[in-house]
Amino acid sequence: MINFIKVLYLGLFFIVFACSAMVAQVQNGFENYVHTPQFGNFDNINEKGDLAIQVASGGLINSLFPSVRISMSPIDRFGAGLNYFTFTSSNSNSEIQTTKAYVASGDIFYYGELSNSEKLRTTYRLGAGYGFGTVQRLYSESRNSGEANLGIQRFVLESGLMARLNKVGFGIGLRAKYFNFSNKFGFGDVSRQESERLDYLVATAPVFLFDVNTRFEFGGDIGRLFISWDQTVNKIKDEDQMVPGYLNKSSIHLGFYILLNKAINKKNKEK
């Protein structure tokens, strides 16, 4: 029975990975990056001195592992994290557009336990963060050949609840995000339509977006694999007319994390 469950878990991960790869091949634009949810930070930080490293792939990108997070707890019940996210995606139909983006961010959070028994441990986190980045879009059309850039600032308030059993865990979180946009311009010829889209995003700032984050994970106490599904639930004003999206405002991530300090301690004990 245990072997069957393990095979089922692995099969689920392969299905999610395949779906992510297929989604990554469709068109992307500025608005897709703006809407792509930042996946939930369900750090397995338990006490002072914990250091966690998390790596994940996303469904809206062509890179396998573009997202990296490092988090630690310098004092009991308080933690800090650093994040880096990047993607590069081309228009799969004609390859006349290439979108590149990155965002670096940091956050601080408060964590604690709601319950802790032999079978079930329930934890929570409350955090705030700031991030900045750039979206660069390259055009190689017959009439227009150039580059446009959009600057992004992101202010975040978030909360998360995680229930962990011996081998599996389930999490749900909420995130409120304020975005500021700036036109960093570019060079060459950019179509009037794309220029108007940029101008509209800059004019609407600051923009409030709201995410719902979910997570399923399995593994041991030190490291686990996870699947997260994150959804942006609201829209930018008049986005369907002014900045229509090519993709849904949802994101699937597949990744893993490890508590580095506990993994090192375990290795030393085995020696």
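The values are calculated or read from the model by the stated rules, or taken from the named source; none is laboratory data. Keep in mind that this is a model prediction, so the values were computed, not measured. Every residue, glycine among them, receives a Cβ derived from its backbone with ideal geometry; neighbour counts consider all protein chains shown.
For segment 135-149, indicate whether the set of residues that are of a type in the set (Val, Ile, Thr), at pLDDT 90 or above and either closer than 30 Å to Ser71 by Cα or loosely packed, with under 14 Cβ neighbours inside 10 Å (or both) is non-empty. Before you say what the answer is, go through the steps one by one.
We begin by selecting, within segment 135-149, every residue of a type in the set (Val, Ile, Thr); these are 135.
The next check asks that each one be at pLDDT 90 or above; those that pass are none.
Scanning segment 135-149 turns up no residue that is of a type in the set (Val, Ile, Thr), at pLDDT 90 or above and either closer than 30 Å to Ser71 by Cα or loosely packed, with under 14 Cβ neighbours inside 10 Å (or both).
Restricting to segment 204-257, name every residue that is farther than 18 Å from Ser57 by Cβ and of a type in the set (D, E, K, R).
Asp211, Asp221, Lys235, Lys237, Asp238, Glu239, Asp240, Lys249
Check segment 182-203 and report whether any residue there is modelled with pLDDT of 90 or more and within 30 Å of Gly112 (Cβ to Cβ).
Checked segment 182-203: no residue is modelled with pLDDT of 90 or more and within 30 Å of Gly112 (Cβ to Cβ).
Looking at (1) of a type in the set (Phe, Trp, Tyr); (2) at pLDDT 80 or above; (3) surrounded by fewer than 20 Cβ atoms within 10 Å (Cβ to Cβ), which one does Tyr9 not meet, given that it meets all the others?
(2)
For segment 202-239, give me the residue count where each residue is at positive phi and of a type in the set (Asp, Glu). Reasoning before the result, please.
Start the filter on segment 202-239 by keeping residues that are at positive phi, which leaves 219, 238.
This time we only want the ones that are of a type in the set (Asp, Glu), so: 238.
Final tally of qualifying residues: 1.
Working only within segment 67-88, note down all residues that are out of contact with any helix residue (DSSP H, G or I) (no Cβ under 8 Å at 6 or more places or on another chain) and either surrounded by 20 or more Cβ atoms within 10 Å (Cβ to Cβ) or at pLDDT below 65 (or both).
Correct list: Ser67, Arg69, Ser71, Ser73, Gly79, Gly81, Asn83, Phe85.
Looking only at helices (runs of 4 or more DSSP H) that fall completely inside segment 156-271, which ones have 1 or more residues that are hydroxyl-bearing (Ser, Thr, Tyr) and surrounded by 15 or more Cβ atoms within 10 Å (Cβ to Cβ)?
Working: elements: 192-204, 239-242, 260-270.
Counting at least 1 such residues, we get 192-204.
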